[in-house]
Amino acid sequence: MKRVVAFIISLFVLVSALAFLPGCVRNDTGLRKIVLNEVTRSVFYAPLYVADSMGFFKEEGLELEIVTGGGSDASMTALLAGEADFALMGPETGVYVINEGKENHPMIIGQLTKRDGSFLLGREKTDEFSWDMLNGKTVIGGRVGGMPYMTLMYVMNKHGLIPGENVEVNSSIQFNLMGGAFEAGTGDFVTLFEPTATQFQNNGKGYILANIGLESGEVPYTAFMTRQETIKNDPELVAKFIRAIARAQKWVMTASDNEIAKAMQPYFPDTDIPTLEIVAKSYRETDSWMQTPVMTEEAFGRLLDIMDFNNVLSKRVDFKELVDNSFAEQVLREMNK
């Protein structure tokens, strides 16, 4: 918890010293350029990439630039500093900001994924995995306070695994460096997102043993956020952004795995279509993607429960204090006419 608090304090010290950057500008094509900072690059976020590659943002008059932050702290910093118009990250980051007493905190305007998208990988292949195989072993689990780490803790507890007692969890490695650390010999197990998990398995660097999302159940895992001043001063921009996302979510629900793979490939140039098809099929079958951007209060409450279990929740945040569903709900009404 101290690490989380230290991050939030330092983050706002940084923001208070920065002047907000100029607003969005129009390029030579007449499109309005906007920047989205994503927490990481993953097939898990397929509907986002689909919205861009299928032209849904352009049809809204927007040109989207996606910047990969490499962690929720970096994505939140970019958003608050005005370096990004929108950010895609774990909702828990917004809870941390509110619990530090910051009134001008960002708002969640749409949800993208509804369960953990990571997979547990081990060094040896087995057809009969059981969680007790982690007894006495070390797992690379992400940074304390982040959703990958907290969900893993929640799942391991369900199976009687207690860090410091019968399993060790390495929380010192940055999210986007976990795969490299495992490949270099650190730890016995690691949690990885797609397409990295499948690539590791295909190359014999590790073997997928369990789906963390299926083990943890439904939870608002990744969401879009924007600053309150953007909502107040430029509601049309927010509506256009969410409309593009909602159209992509609808498209993904009926598209084939091959169509999804082809739509995503520009964002994963080093991954072939067959691999992208496999991971698209996996995330679809595990019901990992939201069908609409609307976040429910029940799901938000489950997020708070997981945070509380991990001892990083100083107080429960009111749903409407952090979540603004108005744009998503309006877009759905338009789409359903």
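The values are calculated or read from the model by the stated rules, or taken from the named source; none is laboratory data. These numbers were taken from a predicted model, which means no experiment stands behind them. Here the Cβ positions follow ideal geometry from the backbone for every residue, glycine too, while neighbour counts run over all protein chains shown.
So the values come out like this:
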{"item": "Residues located in segment 311-337, provided they are surrounded by fewer than 19 Cβ atoms within 10 Å (Cβ to Cβ) and either touching a residue at least 60 places away in the same chain (Cβ under 8 Å) or of a type in the set (Phe, Trp, Tyr) (or both)", "result": "ASN311, SER314, LYS315, PHE319, GLU321, GLN330, LEU332, GLU334, MET335"}
{"item": "Complete set of residues in segment 94-114 that are out of contact with any strand residue (DSSP E or B) (no Cβ under 8 Å at 6 or more places or on another chain), in contact (Cβ under 8 Å) with a residue 60 or more places away in the chain and not acidic (Asp, Glu)", "result": "VAL95, TYR96, VAL97, ILE98, ASN99, LYS102, ASN104, HIS105"}
{"item": "Qualifying residues in segment 220-278 (those that are basic (Lys, Arg) and in a helix (DSSP H, G or I)) - the one surrounded by the fewest Cβ atoms within 10 Å (Cβ to Cβ)", "result": "LYS232"}
{"item": "Subset of segment 65-92 (residues that are part of a strand (DSSP E or B) and either in contact with a strand residue (DSSP E or B) (Cβ under 6 Å, 6 or more places away or on another chain) or among the acidic types (Asp, Glu) (or both))", "result": "GLU65, ILE66, VAL67, THR68, PHE86, ALA87, LEU88"}
{"item": "In segment 180-207, residue farthest from ARG41 (Cα to Cα) [restricted to those that are within 17 Å of the chain's Cα centre (by Cα) and assigned to a helix (DSSP H, G or I)]", "result": "ALA197"}
{"item": "Residues within segment 279-294 that are part of a helix (DSSP H, G or I) and either among the hydroxyl-bearing types (Ser, Thr, Tyr) or crowded, with 21+ Cβ neighbours inside 10 Å (or both), tallied", "result": "4"}
{"item": "Where a residue in segment 267-286 is closer than 25 Å to LEU64 by Cα and its partner, wherever it lies, is exposed (fewer than 15 other Cβ atoms within 10 Å of the Cβ), with Cβ under 6 Å and at least six apart", "result": "GLU277/ASN258"}
{"item": "Which listed residue, of PHE200, PHE189, PHE193, is buried (at least 22 other Cβ atoms within 10 Å of the Cβ) and either within 26 Å of GLN265 (Cβ to Cβ) or out of contact with any Gly (no Cβ under 8 Å at 6 or more places or on another chain) (or both)", "result": "PHE193"}
{"item": "Test: residue in segment 23-31 that is modelled with pLDDT of 95 or more, touching an Asp or Glu at 6+ places or on another chain (Cβ under 9 Å), more than 24 Å from GLN291 (Cβ to Cβ) and surrounded by 15 or more Cβ atoms within 10 Å (Cβ to Cβ)", "result": "yes"}
{"item": "Within segment 309-333, tally of residues that are at pLDDT 95 or above, in a helix (DSSP H, G or I) and of a type outside the set (Val, Ile, Thr)", "result": "11"}
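Residue by residue, here is whether (1) within 17 Å of GLY217 (Cα to Cα); (2) among the hydrophobic types (A, V, I, L, M, F, W, C) holds:
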{"residue": "ASP116", "(1), (2)": "yes, no"}
{"residue": "ASN135", "(1), (2)": "no, no"}
{"residue": "MET150", "(1), (2)": "yes, yes"}
{"residue": "LEU161", "(1), (2)": "no, yes"}
